[in-house]
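Structure, as structure tokens:
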Amino acid sequence: MIDLANDSRSDLPVLGRVPEFQFTERSGSAFGNNDMQGSINIVNFFFTTCQGPCPVMNSRVSELYKKYATTDEVRFVSISVD
């Protein structure tokens, strides 16, 4: 199996590191940067009450999610910022 996460970053420079963080997932479970290790992460920040660009952006993320639904190597994280 192709290791997409490692192959995708093989030629990219490291511009910085995200500091450790921990959020509460919608189920109430803790979720942090350690949970994102070893996969390609698509992160989407949005306002739940936004009626402008947010629905369009979330629709595009949904299209990507459907495209990669069969692989465990791509993870989608949407974070509401209300």
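The values are calculated or read from the model by the stated rules, or taken from the named source; none is laboratory data. All of these numbers come straight from a predicted model, not from anything done at the bench. Heads up, the Cβs are rebuilt from the backbone with ideal geometry, glycines too, and the neighbour counts pull from every protein chain shown. When the accessible area is computed, the model is the full protein with side chains, heavy atoms only, and any ligands, DNA or RNA have been set aside. Shrake-Rupley method; radii C 1.70, N 1.55, O 1.52, S 1.80 Å.
If I model a spin label as a point 7 Å beyond the Cα along the Cα-Cβ vector, how far apart are those points for ASN41 and PHE76 in nm?
1.7
How many percent of the alpha carbon pairs in the chain exceed a separation of 17 Å?
Working: 1925 of 3321 pairs.
Across the chain, Cα pairs with separations above 17 Å total 58 percent.
Over the chain, average the accessible area per residue using a 1.4 Å probe and give it in Å², no decimals. Present the calculation step by step, with values, prior to reporting the outcome.
Details: 6780 Å² over 82 residues.
Value for the chain: 83 Å² per residue.
Tabulate in residue order the Karplus-calculated ³J(HN,Hα) for segment 55-62, using 6.51 cos²θ - 1.76 cosθ + 1.60 with θ = phi - 60°, rounded to whole Hz; enter x for Gly and Pro.
Result, rounded to whole Hz: x, 5, 4, 5, 5, 5, 5, 4.
Can you give the calculated 222 nm mean residue ellipticity of the chain, where each DSSP H run of n ≥ 4 adds -39,500 (n - 2.57) and the sum is split over every residue, rounded to the nearest 500 deg cm²/dmol? Mind showing how you got there, number by number?
On the way: 2 runs with 20 residues, N = 82.
When only DSSP H runs of four or more count, the value is -7000 deg cm²/dmol.
Give the peptides 23-31, 36-44, 65-73 in descending order of average Cβ contacts within 10 Å, highest first. Could the numbers behind the result be given before it?
Details: 23-31: 9.7, 36-44: 13.8, 65-73: 11.4.
Most protected by this proxy first, the peptides run 36-44, 65-73, 23-31.
Would you grab the residues whose amide H sits under 5 Å from the one on ASN41? Only those 5+ places off in sequence or on another chain, please, with H modelled 1.01 Å from N.
Sorted by chain and number, the residues that satisfy this are ARG75.
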